[in-house]
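Undergrad: I have a structure I would like to understand better, so I am pasting it below and will then ask my questions one at a time.
The values are calculated or read from the model by the stated rules, or taken from the named source; none is laboratory data. Everything quoted here is computed from the prediction, not taken from an experiment. Note: ideal-geometry Cβ built from the backbone for every residue, glycine included; neighbour counts use all protein chains shown.
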Amino acid sequence: MKEHIFPAIRITLVSFIFFSGIYTLIILGIARFVPNKGEGFITGTAEKKYYSNIGQKFTDDKYFNSRPSAVDYNAAGAGGSNKGPSNPEYLAQVQARVDTFLVHNPGVKKENIPSDLVTASGSGLDPDISVQAARIQVKRIAKIRGIAEPNLQALIVNNTEKPFAGLFGQAKINVLKLNLALDQLK
């Protein structure tokens with residue numbers, strides 16, 4: 001028995017020291033060489049600063065809506081709802097989001113609503129929406145703000161982030177950056 005316990009205790013102590021100390025310092029050292037020094041991506045206006053890599057809540061009709069959050073955009077408690085696609089409570093929640101979207105965006109058909117506007121991400125803090133999700137909101141925003149639709153379409157194009165290396169992932173738009181740029185339009 002001693003031949004198994006002592007090696008197990010040793011490997012536990014070595015792992016504890018490595019992963020709680022050495023590994024942490026290595027990752028911290030690497031983070032110091034990236035553009036923001038591991039501090040997050042801060043953006044905003046002169047009045048207010050935001051972390052652009054954390055989802056922000058935009059539900060006002062004059063803004064592009066952000067992706068729903070299962071944790072109400074609380075970065076301290078990131079996480080999904082853990083409800084499956086057949087869960088009645090989850091389905092009711094998605095249907096309520098669809099109904100709300102349709103009320104605020106008349107003329108849009110239910111089948112044209114991108115899923116990222118009615119379903120929360122796994123973290124509940126996704127700062128991005130798809131290009132389709134932004135485009136489907138253009139008519140509402142143009143009408144409320146009195147901005148020509150082509151100007152809003154150009155704003156979407158200018159704020160679209162291409163897939164990594166042109167291959168991995170989909171084009172996406174950071175809602176916070178898009179809405180800050182929208183506020184700059186006259």
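Undergrad: In segment 116-132, which residues are touching a Phe, Trp or Tyr at 6+ places or on another chain (Cβ under 8 Å) and among the aliphatic types (A, V, I, L, M)?
TA: Across segment 116-132, the qualifying residues are 117, 118, 125, 129.
Undergrad: Could you say whether any residue in segment 65-80 is more than 27 Å from residue 105 (Cα to Cα), part of a loop (DSSP other than H, G, I, E, B), in contact with a Gly (Cβ under 9 Å, 6 or more places away or on another chain) and in the same structural domain as residue 145 (by TED's automatic domain parsing)?
TA: yes
Undergrad: Of all residues in segment 109-121 being in a loop (DSSP other than H, G, I, E, B) and under 17 Å from the mean Cα position of the chain (by Cα), which is farthest from residue 67 (Cα to Cα)?
TA: So, considering only residues that are in a loop (DSSP other than H, G, I, E, B) and under 17 Å from the mean Cα position of the chain (by Cα), the one farthest from residue 67 (Cα to Cα) is 114.
For (1) within 20 Å of residue 175 (Cα to Cα); (2) touching a Leu at 6+ places or on another chain (Cβ under 8 Å), each residue gets a yes or a no:
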{"site": "15", "(1), (2)": "no, no"}
{"site": "28", "(1), (2)": "no, no"}
{"site": "32", "(1), (2)": "no, no"}
{"site": "59", "(1), (2)": "yes, no"}
{"site": "67", "(1), (2)": "yes, yes"}
{"site": "71", "(1), (2)": "yes, yes"}
{"site": "96", "(1), (2)": "no, no"}
{"site": "102", "(1), (2)": "yes, no"}
{"site": "105", "(1), (2)": "yes, no"}
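Undergrad: Follow-up. I'm told residue 133 meets every condition in (1) under 20 Å from residue 50 (Cα atoms); (2) surrounded by 18 or more Cβ atoms within 10 Å (Cβ to Cβ) except one. Can you identify the failing condition by its number?
TA: Just one mismatch for residue 133, condition (1).
Undergrad: Would a scan of segment 38-60 turn up a residue that is charged (D, E, K, R), under 20 Å from the mean Cα position of the chain (by Cα) and not in a loop (DSSP other than H, G, I, E, B)?
TA: Yes: one or more hits.
Undergrad: From 180, 152, 176, which residue is touching a residue at least 12 places away in the same chain (Cβ under 8 Å), of a type outside the set (Lys, Arg) and in contact with a helix residue (DSSP H, G or I) (Cβ under 9 Å, 6 or more places away or on another chain)?
TA: Answer to the selection: 152.
Undergrad: Something else: Answer yes if at least one residue in segment 14-36 is loosely packed, with under 11 Cβ neighbours inside 10 Å and in contact (Cβ under 8 Å) with a residue 24 or more places away in the chain, and no otherwise.
TA: Taking every residue of segment 14-36 in turn, none turns out to be loosely packed, with under 11 Cβ neighbours inside 10 Å and in contact (Cβ under 8 Å) with a residue 24 or more places away in the chain.
So that you can scan it fast, the table gives a plain yes or no per residue for (1) within 23 Å of residue 127 (Cβ to Cβ); (2) assigned to a loop (DSSP other than H, G, I, E, B); (3) modelled with pLDDT of 90 or more:
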residue: 16; (1), (2), (3): no, no, yes
residue: 26; (1), (2), (3): no, no, yes
residue: 34; (1), (2), (3): yes, yes, no
residue: 62; (1), (2), (3): yes, yes, yes
residue: 85; (1), (2), (3): no, yes, no
residue: 92; (1), (2), (3): no, no, yes
residue: 107; (1), (2), (3): no, yes, no
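Undergrad: From the set of residues in segment 139-170 that are surrounded by 14 or more Cβ atoms within 10 Å (Cβ to Cβ) and either outside the structural domain of residue 69 (by TED's automatic domain parsing) or not in a helix (DSSP H, G or I) (or both), which is modelled with the lowest pLDDT?
TA: Per the criteria, the residue is 161.
Undergrad: Continuing with the same structure: So is residue 124 surrounded by fewer than 16 Cβ atoms within 10 Å (Cβ to Cβ), assigned by TED's automatic domain parsing to the domain that holds residue 74 and part of a loop (DSSP other than H, G, I, E, B) or not?
TA: No, not satisfied.
Undergrad: Would you please list the contacts, defined by Cβ atoms under 7 Å and residues six or more apart or on different chains, that run from a residue in segment 63-90 that is farther than 19 Å from residue 129 by Cα and free of Cβ contacts under 8 Å to residues at least 12 places away in the same chain to a residue that is crowded, with 17+ Cβ neighbours inside 10 Å and polar (S, T, N, Q)?
TA: Close Cβ pairs (under 7 Å, with a partner that is crowded, with 17+ Cβ neighbours inside 10 Å and polar (S, T, N, Q)) amount to 90/81.
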